[in-house]
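See structure below.
Just so it is clear, none of the values below were taken in a lab; they were calculated from the coordinates. Being a predicted model, the structure only gives us computed values, none of them experimental. All Cβ positions, even for glycine, are placed from backbone atoms using ideal geometry, and neighbour counts span all protein chains on display.
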């Protein structure tokens, strides 16, 4: 597989994992959390006495950490893909 295809596949896998581990409960008086392994996005729409609890909150440090981990995942995914798909060389003298 080419490096571009492997990178896109790794990115797609990461996005799917992120949405599998996300929580979407704002429709039923709760919160939404998005991110893997750290929740960097949260949205609250429930009932609360705290006016600061409402709305969207984005934690840029956790977002940066998620992006670094995703980049490391894609790099390792590329390295493993190249190692597995590398053709074996045979020795013609044997």
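If I take R0 = 22 Å and measure r between the Cβ atoms of residue 61 and residue 2 in this structure, what FRET efficiency does the formula 1/(1 + (r/R0)^6) give, to the nearest 0.05? After rounding to 0.05, the efficiency reads 0.05.
For a paramagnetic label modelled on residue 72 (point 7 Å from Cα along Cα→Cβ), amide N atoms under 11 Å away are absent within segment 8-34. Across segment 3-85, the relative contact order, built from alpha-carbon pairs under 8 Å that are at least six residues apart, equals 27 percent. One equal scatterer on each Cα of segment 3-85, no solvent, Debye formula: the resulting log10 I(q)/I(0) at q = 0.21, 0.25, 0.26 Å⁻¹ is -0.93, -1.13, -1.17.
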